[in-house]
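Since the structure comes first, as structure tokens, the remarks are kept for the end.
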Amino acid sequence: MESEHPEAKRAGHRLPCVVVIGVSGVGKSTVSRILAQRLDIPFAEADDFHSPANIAKMSTGVPLDDADRESWLDSIGRWLHERDVAGTGGVVACSALRRRYRDVLRTTCPTAFFVHLTAGHDLLERRLSERADHFMPTALLDSQEATLEPLEPDERGGSVETGPTPDAVAEMALELLPNR
């Protein structure tokens, strides 16, 4: 069982539950790990919550549909909820491309804060083509970009361009967090 972070006790508030969102190749995992390390809170990779069937489907270049995503999003939401209730916070790297997917996460973790990482198509395509150890093929980038619904004004969160170094992006993301 994770213990409450001492800094949260001193400040009288819980540590944040952060969902770093965006299309594949934008740097969600890298930036999320840095954020979690700087905040000294747990990190999770949403890809680890996918079923083998989902991974097989994406590996062949077939996008997931909403039915495929349902149990995946529920699992991520439970992970966030557990950390929110414990007051330990957590950072999860999760595409959450559509508003309704973020709504599912907010249903189980109403305090979730979303950091939307953005980058140009050419940069994303280059990053994806250079990956050797990931199941997401470059062919799905267009589908993800077409699916993406940027954060709306009533959603807790903000956007950060990922052109700078991952450390600089993480620093900008930290500045977005409430109660910092």
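Computed values, structure above
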quantity: Sole residue being among the hydrophobic types (A, V, I, L, M, F, W, C), open to solvent by less than 20 Å² (accessible area, probe 1.4 Å), closer than 23 Å to D66 by Cα and modelled with pLDDT under 90, chosen from L140, L124, L128; calculated: L140
quantity: Pair list, Cβ < 6 Å and 6+ apart or interchain, from the range 74-89 residues that are under 13 Å from D47 (Cα atoms) to residues that are assigned to a helix (DSSP H, G or I) and among the hydrophobic types (A, V, I, L, M, F, W, C); calculated: S75/F49; I76/A46; I76/F49
quantity: Those residues of the range 76-132 which are closer than 15 Å to V18 by Cα, over 11 Å from the mean Cα position of the chain (by Cα) and in a loop (DSSP other than H, G, I, E, B), in sequence order; calculated: G87, T88, G89, C109, P110, T111
quantity: Selection count where residues are open to solvent by 50 Å² or more (accessible area, probe 1.4 Å), touching a residue at least 40 places away in the same chain (Cβ under 8 Å), more than 17 Å from V18 (Cα to Cα) and over 16 Å from the mean Cα position of the chain (by Cα), scope the range 143-180; calculated: 1
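The values are calculated or read from the model by the stated rules, or taken from the named source; none is laboratory data. These numbers come from a predicted model, not from an experiment. Every residue, glycine as well, gets a Cβ built from its backbone with ideal geometry; the counts of neighbours run over all protein chains shown. Each accessible area value is taken on the protein alone, full model and side chains, heavy atoms only, with ligands, DNA and RNA left out. Shrake-Rupley method; radii C 1.70, N 1.55, O 1.52, S 1.80 Å.
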